[in-house]
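For reference, the structure discussed in these notes is given below.
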Amino acid sequence: MCKGTRESGCARHPVGVSSQTSPDDSRPCLNTGWFPGSESDLSTCSVQGSSDLSAGSVEDSCDLSAGSVEDSCDLSACSCGRQFDWYIEGLIPMEKCHLPPGSRLRPGNHVDNSLDLWSRTDVQTCTYWGAPVMWDGMFNPQHCDEVYRRQNITVALTVFAVGRYLDIYLEKFLSSAEQHFMVGQRVIYYVFTDDPDRVPQVRLSAGRSVTVIEVLRHSRWQDISMLRMKTIADNIDSLIRHQAQYVFCLDVDQEFVGRFGTEALGDLVALLHSYYYHRPKFFYTLDHNPKSAAYVKQGDMYYHAAVFGGTWQQVKTLTQNCYRAIMQDKNNQVEALWHDESHLNKYFWLHKPTKVLSPEYCWASAIGYRSDIHVVRLVWAEKQYSFVRQ
């Protein structure tokens, strides 16, 4: 069987299947496409057993064009095919904003009322519940910055760098954030790590600082990912709420490459997953296991857990609720399909985000060209899971 996650290259992203807790996170290769990574081998693939997928079912085994997979894969033989699939996928039209021109998103003189929802007719610029979906061309960066500068805000950015993630990703993450994240605003980076002495020194602009907080390292990467929810909630309550008005929570294995500014601020902010924003909803890999607290029959959008944020009050409530749901699953010996991301999607289904960031704000370069991506602001770093997750 293929081992890993949808981002590791070998594993495929399953549809409609929830996994029980597994010590090595092994799971079958299921349907909906390969996700490229650095340590992959697509020479062969077999699916053992059977799984009920949205597009059908797999009986005993599936023979792909490249053969069958035994523990490793080589993507070189099919990278062109995957690129073509993603290109064709990008031609699927998105829903469009239902609001007539001139509509106001918020009462009063809210900064979001300055957004031009009709400047981008090629993409969805608002949700049916009235939240803006942020794309290049919709906002005036200088106006957004000035509005929040007058409010004298501070933005907290939380990031976890545990084990080898600290060595490989943290310095690039912080140095690139200094160039592109909330430039001109006060920012506090909260770095959660198991080895504070090895946190790199990065040159910071005026009004910006780093706070290092020591955390325990869990044996399973899934637990590190999921239990960050409790750590974030606890630290918002004890520390962050006294120092910042807004909080963004990001994965460390990313790099800022363009403006990620005040236009992204909101009460409750979610991010469209770059692999799913053009896909029909029945392809969303939500957790369809009724035994899991993350169970969702069908969502509105598919959100990426690599970026979420909002006011400290909203982020505290979100992380507390996700943590309670994770612990409920643990007590029932269930693990959500995509761990904290599944619980995050359930939360955003019940509590609609007030702002949605387009995939510009976390882009997967492996997808290749998309005509609707005019600017890339944050990119996934090269994945080295076979090394960092040891």
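See the values below:
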quantity: Simple label model, 7 Å out from Cα along Cβ direction - LYS352 to ASP267, nm; calculated: 1.2
quantity: Gained length - ARG203 relative to GLU382, 0.36 nm times residue gap less alpha-carbon distance; calculated: 62.1 nm
quantity: Burial order of peptide ranges 106-114, 371-379, 343-351 (average beta-carbon count within 10 Å, highest first); calculated: 343-351, 371-379, 106-114
quantity: Area accessible to solvent at ARG370, 1.4 Å probe radius, in Å²; calculated: 10
quantity: Filter on LYS96/LYS330; LYS96/LYS172; LYS96/LYS291; LYS297/LYS330; LYS172/LYS297 - keep pairs with C-alpha separation over 32 Å; calculated: LYS96/LYS330; LYS96/LYS172; LYS96/LYS291; LYS172/LYS297
quantity: Placed amide H near ILE213: partners under 5 Å, 5+ positions off or other chain; calculated: VAL191, PHE192, THR193
quantity: Distance (nanometres) between label positions extended 7 Å along Cα→Cβ at GLN333 and LYS281; calculated: 3.5
quantity: Hydrodynamic radius (Kirkwood) for region 109-227, which is based on Cα pairs only, to one decimal in Å; calculated: 17.0
quantity: Residue order for TRP129, TRP135 - accessible surface, 1.4 angstrom probe, largest first; calculated: TRP129, TRP135
quantity: Highest average packing first - 255-262, 328-335, Cβ atoms within 10 Å; calculated: 255-262, 328-335
quantity: In Hz, Karplus ³J(HN,Hα) per residue of region 293-302 (6.51, -1.76, 1.60; θ = phi - 60°; x = Gly, Pro); calculated: 5, 8, 4, 9, 6, 7, x, 7, 9, 10
quantity: Förster radius 41 Å - calculated FRET efficiency between VAL375 and GLU171, Cβ distance, rounded to 0.05; calculated: 0.95
quantity: Cβ-Cβ FRET estimate between ARG324 and GLU255, R0 fixed at 30 Å, reported to 0.05; calculated: 0.40
quantity: Most to least accessible of LYS352, LYS172 (protein chains only, probe 1.4 Å); calculated: LYS172, LYS352
quantity: Contour minus Cα-Cα distance for SER119 and GLN142 (0.36 nm per residue); calculated: 6.5 nm
quantity: Projected label distance in nm at LYS297 and ASN109, using a 7 Å step from Cα toward the beta-carbon; calculated: 4.6
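The values are calculated or read from the model by the stated rules, or taken from the named source; none is laboratory data. The structure displayed is predicted, hence computed values, not measured ones. Cβ sites come from the backbone with ideal geometry, for glycine too, and all protein chains shown count toward neighbours. When the accessible area is computed, the model is the full protein with side chains, heavy atoms only, and any ligands, DNA or RNA have been set aside. Shrake-Rupley method; radii C 1.70, N 1.55, O 1.52, S 1.80 Å.
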